[in-house]
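Structure record follows, encoded as structure tokens.
We did not get these values from a lab; they are worked out from the coordinates using the rules stated. From a predicted model like this one, the values you see are computed outputs, not experimental measurements. No Cβ is skipped: glycine too gets one built from the backbone with ideal geometry, and neighbour counts run over all protein chains shown.
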Amino acid sequence: MRHARFGRTVLLASCLVALTACGGGDTTQTGDGTAAAADAAATAGAAGSAAPAGTSTSTPAGTYSAPASSPAPAPAGSLAPVAPKTVVLNTTLQSPWGMTFLPDGRMLVTQRGGSLVILSADGRSVQATVSGVPAVSTTGQGGLLDVVLDPDFAATPWVYFSFAEPGTGAEAGMVGTAVGRGRLVGTSLQDVAVIFRQVPKVANSGVHFGSRMAFRSDKTLFVTLGERGQGSPAQDVTTSLGKVVRINRDGSIPAGNASPPGGRPSLWSWGHRNPQGAAVHPDTGALWVNEHGPQGGDELNIVTVGGNYGWPNVSYGCQYGDPVGNGCAIGGGQHAPAYIEPISTWTPTSVAPAGLMFYTATKFPQWRGNIFFGALAGTALWRVQLDTAGRREVTRERLFASLGERIRDVQQGPDGYLYLLTDSGKLIQVRD
Ligand SMILES: [Ca+2]
């Protein structure tokens, strides 16, 4: 069933009748091979299994808004029911990786092979392939990756894209994450320039490129950068491997970065492994980033300036080759006080988080302020509800596992629905 093709069939969320049972806790963290089993467990849990310790029982009252039609407020510690459906809008995309909405409602979608396409506002057709995108390396996990619009897009239609850039000259055969931009005029990018390059480029590695981008309210751009499978350079501030950087829109360096002694001026934070989701909290303005652990140890972090997030010295996950389990956590697992403790972790099995957004619309009032991100190996959409201060997880929920899809990105549409990209080439709408 996990691999069935649903076409445009409307599906109910697998967790519809079992919101609490579908919530987090390690027992529902699954990899690629166990999603169906987790679905079954979640359904069975509707018969009355308790919520995982430390989730709903610690939910403070008032962290969500019940819908106006609710006959009575939901009791503190539980969630008002949400009945989302999924609608497959498009099945023709080729390894889509990132997306953003144009002001007219159409979508810009990157495809890992190197093309940037424009989808119709209803998502059902590919209208054009945008010209002007530079050559990308598609080795391993590389390719054309994320895409975001300039905060002043209406006035200056810059489109920013991240990609795996093939090296030239002395760097021939090497690859590094880079960020480019171009002005979108019709269906072409003009005045294209590469505004940031990860240093150094790396040979013989097709993994851990990052790279998500998110604009801060001051119109500076955060870019998350993987450590390219190199490990210890994530702690070396003379490189931009395993870092989050913050740059101006033209690639220059803004004031207020970490500026570690002898370090690169672009650095915001370090000690990251492979961060593939990033978003700025709509109220607190804090940068939230998720990243892949090795075997287990996926993290959700609030990423602060000068912060060291520990990789590769510490992780709640295990080294490859070690038996999966909490007993083999790298460096003992605990980050503090030497490093910054994650807000949330996924153990003992990695879900492989991808994309990250805060829900701010009104179609699903219960979800306002919640974090959503996709899972690749974990084939689902994760919802994380935060406390009222927006700083701590109070509960988590695994959604749409029955689709069996590796979800690569999630974005909120102008209509207040959620839109998912899958590695299988689908655009999926989450609607009421
Ligand atoms: Ca960490």
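Quick notes on this one:
- Nitroxide proxy distance, nm - points 7 Å out along Cα→Cβ at R106 and V194: 2.8 nm
- Normalising the Debye intensity of the stretch 110-248 to I(0), with uniform scatterers on Cα atoms only, and taking log10 at q = 0.10, 0.20, 0.22 Å⁻¹ returns -0.33, -1.20, -1.36.
- Flagged links, alpha-carbon separation over 23 Å, of K219/K426; K201/K426; K85/K219; K201/K243: K219/K426; K201/K426; K85/K219
- Counting neighbouring beta carbons within 10 Å and listing from fewest to most, the residues Y316, Y160 come out as Y160, Y316.
- If R0 is taken as 30 Å, the Cβ-Cβ distance between T129 and V87 corresponds to a FRET efficiency of 0.75.
- For the stretch 303-432, the square roots of the Cα gyration tensor eigenvalues, ordered a ≥ b ≥ c, give a/c of at least 1.5 with a/b no greater than b/c, which places it in the oblate category.
- Label positions at V185 and S120, each projected 7 Å from the Cα along the C-beta direction, are separated by 2.8 nm.
- Those residues of the stretch 227-269 whose amide nitrogen sits under 16 Å from the label point placed on T156, 7 Å along Cα→Cβ: 247-255
- Spin-label pair A336-E171: with each label point 7 Å from Cα along the Cα-Cβ axis, the two points sit 3.9 nm from one another.
- Cα gyration tensor category, rounded, prolate or oblate, for the stretch 216-282 with a/c compared to 1.5: oblate
- Base-10 log of normalised Debye intensity for the stretch 287-359 (one unit scatterer per alpha-carbon) at q = 0.15 Å⁻¹: -0.45
- Part-to-part distance (alpha-carbon centres) for the stretch 370-432 and the stretch 309-334, which is given in Å: 26 Å
- Each residue of the stretch 384-391 is assigned a 3J(HN,Hα), and the resulting list reads 10, 8, 9, 6, 5, 7, x, 10 Hz, derived from the Karplus form 6.51 cos²θ - 1.76 cosθ + 1.60 (θ = phi - 60°), x at Gly and Pro.
- Gyration tensor (alpha-carbon) shape descriptor, the stretch 373-424, a/c threshold 1.5: oblate
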